[in-house]
Amino acid sequence: MLSPDESKVDGAGSYLTPRGSTEIQNRVTRRSEEIHIRNFDVSRDYDLTIEVRDADSVVFSSRYHLTPGKTVSEFGQLSPGTYEVYVELDGHRQQTVRCEVDEWPDQTVLVEVGNGTVSVTEGLYP
């Protein structure tokens, strides 16, 4: 197990530790947003609605107007867990996906719009 002295510390004073290091991991602040939204279209605006549900109720809901190339990141909105994520693009294109959310980039809800379509996946990196 790494001690704080053996870990690297970033500019904000947070420990950068291996993912499996639970003792220090509990002291690490969130490194990744829970929801990342990106309009990769270079010439078209979109209106996007997102609704996130846990097993019991809606825990996050928001609407966005996405101009060309715009990205939006939501921090501090969701606790770690499994969620059903519903998105609607321009009032008619819809998709629902189940996503695991936690502090790591591969456990982030990724919503991408462009070319008149929307996709929802789990994780910023493959």
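Nothing in this text is a laboratory measurement; each read-out follows from the coordinates by a stated rule. Owing to the predicted nature of the structure, the values given are computational and were not obtained by experimental measurement.
Would you mind classifying the stretch 74-120 by shape? Square roots of the alpha carbon gyration tensor eigenvalues, ordered a ≥ b ≥ c; an a/c under 1.5 is rounded, otherwise it is prolate if a/b is larger than b/c and oblate if not.
Since a/c reaches 1.5 and a/b is larger than b/c, the shape of the stretch 74-120 is classed as prolate.
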message: Could you work out how much longer the chain between residue 95 and residue 71 gets when fully extended? Use 0.36 nm per residue separation minus the Cα distance between them, nm to one decimal.
response: 6.7 nm
field: Added length on full extension, which subtracts the Cα-Cα distance from 0.36 nm per residue, residue 43 to residue 117
entry: 25.3 nm
